[in-house]
Amino acid sequence: MKKADLYNRVVAHFQATMPTAGTELHYGTPFQLLVAVVLSAQCTDKRVNMVTPALFAAYHDAESMAQATEGQILEYIHSVSYPNSKSRHLAALARMVTEEYGGKIPTDIDELQRLPGVGRKTANVMAAVAFGQQAMPVDTHVFRVAARIGLVPPSCKTPLQTEQELVRHLPHHLLSQAHHWLLLHGRYVCTARNPQCVSCGLADVCRYALKHVKGGDAC
Ligand code: SF4
């Protein structure tokens, strides 16, 4: 199958099955989304959504969180993964946003990556979700699913290479939505250890399924 045909098929599949895909993180402002995304590294959105209501009630914006110590933030987030480093990052992030950006989250990807605890993926999530830009954040789910389906070649070994390949081939106006499609597909169907190929609507075009699924057996 030609690459363009594969992309068209995948886009059509997700447009039909997930027309309103979006983030599962709960937030009210760009600052709160940034905090939630930082907390979600190596952690489930479900767990993050359990701790953020109390955290945001105590520190609802960058200015208020900038007044908090790492220890005070830690009290609210100790049940997420890597709570010590995340509380340290959030305290420093809130101070930088307050002191250098007047309390407003920068919208530029490079500026965002200056913030403590914010890498390229998190910056792209902010661009895509908080600021309505077209961007392709590549997390572990997007990375795995894109490779399995065959949207990117086996030579794509890093999230940045996968991002660049997806950006090259997907319609620009669908980039952010495609991020949600691939992420949610990876979270609920094409899971890391047990992809549900038998019930997946992409099995007839997916590189992984064509190689590993024989006679209707599960992967
Ligand atoms: S067919 Fe299997 S490997 Fe391919 S996308 Fe679907 S669940 Fe993932």
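Nothing in this text is a laboratory measurement; each read-out follows from the coordinates by a stated rule. Remember, it's a predicted structure, so these values are computed and weren't measured experimentally. Here the Cβ positions follow ideal geometry from the backbone for every residue, glycine too, while neighbour counts run over all protein chains shown.
See the values below:
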item: Additional length obtainable on full extension of the chain from residue 54 to residue 169, 0.36 nm per residue less Cα span; result: 37.3 nm
item: Globularity ratio of the chain, using Cα Rg and 2.2 N^0.38 Å; result: 1.10
item: Built amide H within the under 5 Å cut-off of residue 203, gap 5+; result: none
item: Phi-based couplings in Hz for segment 84-95 (Karplus 6.51, -1.76, 1.60; Gly and Pro marked x); result: 5, 5, 5, 5, 5, 5, 5, 4, 5, 4, 5, 5
item: Largest-first ellipsoid semi-axes for segment 74-124, taking √(5λ) over the Cα gyration tensor eigenvalues, angstrom; result: 21, 13, 7
item: Residue 190 long-range amide H proximity, modeled H, under 5 Å; result: 196
item: Computed E for residue 63/residue 140 - FRET, C-beta separation, R0 35 angstrom, nearest 0.05; result: 0.60
item: Candidate aspartates and glutamates for bridging to residue 211, where Cα separation is under 20 Å - those fewer than 8 sequence places away on the same chain excluded; result: 5
item: All-pairs alpha carbon distance profile, segment 1-102, 10 Å steps from 0, percent; result: 15, 40, 20, 14, 11, 1
item: Nonlocal amide H pairs with residue 61, under 5 Å, H built at 1.01 Å; result: none
item: Segment 109-219 - Rg (one decimal) and Dmax (whole number), Cα, Å; result: 14.9, 51
item: For the chain: relative contact order, % (alpha-carbon pairs under 8 angstrom, 6 or more apart); result: 18 percent
item: ³J(HN,Hα), Karplus 6.51/-1.76/1.60, whole Hz, each residue of segment 110-118, x for Gly, Pro; result: 5, 5, 4, 6, 6, 6, x, x, 10
